[in-house]
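For reference, the structure is listed below as structure tokens.
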Amino acid sequence: MDPETRTLPGTAHHAMQSTAELLRQLVSHLRQNRTQLREEWARRITEARLLTAMTKEEVFAEATSVYDNYVEALETGTFEALQAYARGLSERIIPRGVETDEVIGIVLLLRDVLARSLFAKYQNDFALLNRILDAYEPAANRIANTVAVGFVQERERVIREQQEAIRVLSTPVLQVRERLLILPIIGVIDPQRARQLTEQLLRGIRTNRAKVVVIDITGVPVMDANVANHLVQTVEATRLLGATVIITGLSPEIAQTLVTIGVDLGKMNTVGDLQGGIEEAERLLGYRVIPSGETTEHLRT
Amino acid sequence: MEVPILKQGHYLIASIQSALSDNDLVQLRDSLVEQVGRQRSRGVIVDVTALDVMDSFATRTIRDITYMIRLRGAETVIVGIQPDVAFTMVQLGLKLEGVPTALDLEEGIAFLNKSAGPAGKDKNARGK
């Protein structure tokens with residue numbers, strides 16, 4: 001590109017200036033007009049209805065630091081500081097409910113605001129403007145990229161953390177009676193959790209020598225075909241170990257869903273609520289629960 | 001490796017000790033189906049505790065054994081399927097449909113006592 005521009009008479013003196021020099025010029029321009037550009041940017045953010053979760057002052061404060069970091073990244077050409085800043089920013093604003101498109105939106109807005117100011121400044125020297133933009137655009141793109149990636153990474157980290165939290169919360173396998181286990185499932189079941197539940201349950205059956213297992217899904221809000229199939233698999237695997245499964249707590253909604261999507265629940269033993277499930281399990285195990293006053297009378301039969 | 005078949009009262013117990021080839025499985029099937037008549041057994045227990053993998057052929061053969069022995073007038077129960085094996089089987093869609101299963105040998109005998117019973121009248125008595 002350089003040799004070509006050098007041959008153009010009008011731009012000869014510009015061609016001597018290296019990209020770095022142009023960037024320096026650019027940065028000093030951005031520093032000089034910091035207040036004005038920053039305000040312009042904040043105004044555009046409000047106009048575009050971005051970052052509505054934050055107050056005007058907060059937006060302005062964040063805009064200031066983003067601006068400074070932005071200019072610094074342009075100046076130094078290194079993105080580590082910006083990356084760290086983007087991560088910190090994401091950490092602050094994700095809990096406020098700021099969305100990915102908003103973050104990308106504001107960075108693109110800043111890019112736009114700065115480009116416009118460059119247009120205004122160099123409008124009389126088209127060749128120089130071209131070269132300034134040549135220097136500016138790649139750096140600006142990388143910055144936008146860095147911030148967006150930082151935000152998404154932070155988001156993903158939060159998601160991973162929450163998944164881990166759910167996993168740790170996971171479900172206990174409880175023995176309520178000799179050979180009778182209860183598995184209360186609370187919350188959404190994803191394939192990974194379903195797998196973990198099944199493995200835990202199968203181990204529990206083996207160690208407790210369980211004969212009947214009551215799986216209570218009162219706390220499961222939704223059930224789709226996947227989860228239902230996992231449930232069927234769990235029941236099947238349990239049977240291979242010689243135990244019987246009773247499912248309790250199917251809500252009307254889930255019952256409707258299951259029938260609508262046509263999951264084969266024929267092999268499943270379902271009882272309305274946990275109490276009924278335990279009673280049924282006791283019956284299968286040959287227990288009979290009787291009030292203590294009637295003990296002697298019933299023992300005779 | 002040949003699977004030893006032990007006679008215990010009215011029951012036959014086949015205890016698989018190590019991984020079996022397809023031929024061994026077929027041999028096990030043939031000798032169980034043959035012996036259940038010769039020994040006049042009422043029940044058969046196949047113990048698979050030592051197996052840490054069950055492929056489709058093993059699953060099918062075990063199901064065949066159960067059905068064949070049922071036709072010969074006895075009841076079969078598979079005991080000792082490991083949790084991991086059960087999970088893998090279900091994931092692979094290998095179902096032992098119509099095949100009774102029990103946790104271990106003791107449970108298997110308890111199951112046979114109930115369903116294949118030493119005597120038919122026991123079953124009726126329980127039904128009441």
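A few comments on the model shown:
Yes/no per residue for (1) assigned to a strand (DSSP E or B); (2) within 30 Å of residue A:102 (Cβ to Cβ):
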{"position": "A:132", "(1), (2)": "no, yes"}
{"position": "A:146", "(1), (2)": "no, yes"}
{"position": "A:164", "(1), (2)": "no, yes"}
{"position": "A:218", "(1), (2)": "yes, no"}
{"position": "A:232", "(1), (2)": "no, no"}
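- Filtered residues of segment A:172-194 (kept if out of contact with any Asp or Glu (no Cβ under 8 Å at 6 or more places or on another chain) and within 19 Å of residue A:268 (Cβ to Cβ)): A:173, A:181, A:189, A:194
- Test for residue A:119: is it surrounded by fewer than 16 Cβ atoms within 10 Å (Cβ to Cβ) and farther than 19 Å from residue A:245 by Cβ: yes
- In segment A:166-209, residue farthest from residue A:87 (Cα to Cα) [restricted to those that are in a helix (DSSP H, G or I) and hydroxyl-bearing (Ser, Thr, Tyr)]: A:207
- Among the conditions (1) among the hydroxyl-bearing types (Ser, Thr, Tyr); (2) more than 37 Å from the chain's Cα centre (by Cα); (3) modelled with pLDDT under 90, the only one that residue A:260 does not satisfy is (2).
- Restricting segment A:205-233 to residues that are at pLDDT below 90 and at the interface with another protein chain (Cβ under 9 Å from one of its Cβ atoms), the residue that is farthest from residue A:276 (Cα to Cα): A:233
- Matching residues, segment A:113-130, being free of Cβ contacts under 8 Å to residues at least 24 places away in the same chain and assigned to a helix (DSSP H, G or I): A:116, A:119, A:120, A:122, A:126, A:129, A:130
- Any hit, segment B:59-80, residues being touching a Pro at 6+ places or on another chain (Cβ under 8 Å) and farther than 19 Å from residue A:240 by Cβ: no
- Subset of segment A:47-83 (residues that are of a type in the set (A, V, I, L, M, F, W, C), more than 28 Å from residue A:134 (Cβ to Cβ) and loosely packed, with under 14 Cβ neighbours inside 10 Å): A:61
- Of the residues B:43, B:73, B:93, the single one that is exposed (fewer than 15 other Cβ atoms within 10 Å of the Cβ) and either away from chain A (no Cβ under 11 Å) or touching a Lys or Arg at 6+ places or on another chain (Cβ under 9 Å) (or both) is B:73.
- Any pair with Cβ under 9 angstrom, 6 or more apart, that starts in segment A:243-272 at a residue that is away from chain B (no Cβ under 14 Å) and ends at one that is surrounded by fewer than 17 Cβ atoms within 10 Å (Cβ to Cβ) and in a strand (DSSP E or B): A:248/A:218; A:249/A:218; A:249/A:219; A:250/A:218; A:251/A:218
- The one condition in (1) aromatic (Phe, Trp, Tyr); (2) more than 13 Å from chain A (Cβ to nearest Cβ); (3) under 22 Å from residue A:205 (Cα atoms) that residue B:57 fails to fulfil: (3)
- Residue in segment A:169-176 that is closer than 30 Å to residue A:251 by Cβ, surrounded by 13 or more Cβ atoms within 10 Å (Cβ to Cβ) and free of Cβ contacts under 8 Å to residues at least 12 places away in the same chain present: yes
The values are calculated or read from the model by the stated rules, or taken from the named source; none is laboratory data. Being a predicted model, the structure only gives us computed values, none of them experimental. Here the Cβ is made from the backbone with ideal geometry for all residues, glycine too, and neighbour counts use every protein chain on show.
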